[in-house]
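**Student:** First, the structure itself, so that you have it in front of you.
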Amino acid sequence: MNILEFTLKELTGFFRTNFGKGLFHASALYRQIYKTGNPEILSLPEFAASQAFAKKLENRLILAPGQVTDTFREKDLVKFITRLSDGLKIESVLIPMTGRNTLCVSSQAGCRMGCRFCETGRAGLKRNLSISEIIGQVFNARFVLGENIKNIVFMGMGEPFDNFDNVISAVRIMNEQKGFDIALRHITVSTSGLVGGIEALGRLNMKGLRLAVSINAAEDKTRSFLMPVNHAHSLQALKTALKNFPLTRRECFLFEYILIKGLNDSASDAIKLAEYIHPLPVRLNLIPLNPVTGFNYESPCDDDMQRFAEILAGQGIFVIKRWSKGRSVAAGCGQLGLAS
Ligand code: SF4
């Protein structure tokens with residue numbers, strides 16, 4: 001079994017059921033794996049009096065995060081490719097931010113949502129990632145690239161709610177205090193708008209875990225053109241699900257809006273977006289379109305983007321303009337999948 005599949009509680013249960021051991025040994029091994037990246041069990045002091053047990057464990061547990069085969073750099077941003085055990089490749093992006101590296105992880109190999117502005121969507125879904133394949137991306141960023149990770153965003157390849165159970169299990173493992181110890185408020189799960197997933201996440205009531213929605217249009221015709229998911233999950237259904245989502249008073253949703261020249265960047269688009277957002281607590285990220293194959297639209301110029309942002313700000317919306325990073329290595333928003 002791959003040790004990266006376990007929460008500490010699950011590893012303790014595994015030790016108990018199979019070897020009659022418990023939390024003491026499980027904690028020691030968990031700490032060793034996630035703090036040092038070293039799977040060596042025999043040398044751990046906690047196992048000094050249990051060498052036979054340690055040997056059995058070494059036969060039963062493997063540490064298999066996937067192999068990093070390529071890295072692409074643009075300044076201090078790094079995109080890395082991981083080859084999975086069946087040969088499929090996935091992409092992850094490490095985005096340095098002052099003192100807080102963010103890792104953008106994939107939840108699926110490919111994606112079946114088919115968003116037009118997204119390279120991953122063009123290739124279709126190959127399969128869901130296992131828990132350890134999601135955790136493996138964090139492990140490799142930490143111990144192969146040597147970077148501390150403080151923030152996780154599920155904005156890589158795939159729709160996280162299409163692989164709901166594995167994504168949630170991976171979030172719990174990332175959050176383990178004796179493991180990576182990444183606070184839930186530093187983990188963002190981003191959806192194209194799968195209402196069932198939003199409702200299911202709401203029922204779990206994981207306080208602090210952040211929810212992002214890729215919105216991209218505030219009227220159904222344009223959104224359905226850009227994102228086929230909107231045919232089944234309309235803007236109205238999406239808003240209802242968000243209204244019912246159990247946010248605390250200080251939390252907000254993150255909306256991502258990819259600005260596309262002549263398609264969703266007019267003044268009236270901005271007004272409609274502001275109307276749609278009210279009264280939801282939302283922080284809005286505006287992102288200029290990145291070039292992707294087969295989608296013959298352009299990003300607006302900086303001035304047009306600024307005007308769009310100002311209209312929204314004038315309507316009381318908290319807006320952040322994101323200048324695209326990673327374009328030159330196809331690591332920008334919507335570009336993952338070109339290299340794999
Ligand atoms: S934007 Fe996200 S949900 Fe849409 S096709 Fe790309 S990976 Fe899938």
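**Student:** Rounded to whole Å, give me the distance from the Cα center of segment 277-328 to that of segment 6-76.
**Tutor:** 43
**Student:** Explain nothing, just the number: dipole magnitude of segment 67-329 about its Cα centre with +1 on each Lys and Arg Cβ and -1 on each Asp and Glu Cβ, in debye rounded to the nearest 20. Walk me through the numbers before you get to the answer.
**Tutor:** Numbers: 33 positive and 26 negative charges, 104 e Å.
For segment 67-329, the charge dipole is close to 500 debye.
**Student:** Anyone know which of N205, N230, N216 comes out most mobile in the 10 Å Cα GNM of the chain?
**Tutor:** For the chain, modelled as a Gaussian network with Cα springs under 10 Å, the answer is N205.
**Student:** Once you measure Cβ to Cβ distances between cysteines in the chain, which Cys have no partner under 4.7 Å?
**Tutor:** Cysteines lacking a close Cβ partner in the chain: C104, C111, C252, C301, C333.
**Student:** Holding the Cα-Cα limit at 26 Å, pick out from K35/K325; K207/K239; K9/K79; K261/K321; K150/K207; K9/K243 the pairs that are longer than that. Don't jump to the answer; show the numbers that get you there.
**Tutor:** Values: K35/K325 30 Å; K207/K239 20 Å; K9/K79 32 Å; K261/K321 15 Å; K150/K207 18 Å; K9/K243 33 Å.
Among K35/K325; K207/K239; K9/K79; K261/K321; K150/K207; K9/K243, the Cα-Cα distance tops 26 Å for K35/K325; K9/K79; K9/K243.
**Student:** Something else: If I model a spin label as a point 7 Å beyond the Cα along the Cα-Cβ vector, how far apart are those points for D76 and T248 in nm?
**Tutor:** 3.0
**Student:** Next up: With a cut-off of 16 Å, note down the residues of segment 8-42 whose backbone N falls inside the zone around a label point 7 Å from the Cα of L63 toward its beta carbon.
**Tutor:** What the label zone holds, given the 16 Å backbone N cut-off, is 8, 26-42.
**Student:** Testing the spin-label approximation: label points 7 Å from Cα along Cα→Cβ at L204 and D302. State their distance in nm.
**Tutor:** Computed distance between label sites L204 and D302 equals 4.0 nm.
**Student:** If you don't mind, there's one more thing I want to ask. Give me the one-decimal nm value for the distance between modelled label points at H278 and E10, 7 Å along each residue's Cα-to-Cβ direction.
**Tutor:** Placing both labels 7 Å beyond Cα along the Cβ direction yields 4.5 nm.
Read-outs throughout are calculated quantities, based only on the coordinates presented, and are distinct from any laboratory measurement. Note that the coordinates shown come from a computational prediction; the quantities given were computed from them, not determined experimentally. Neighbour counts run over all protein chains shown; Cβ positions are idealised from the backbone, glycine included.
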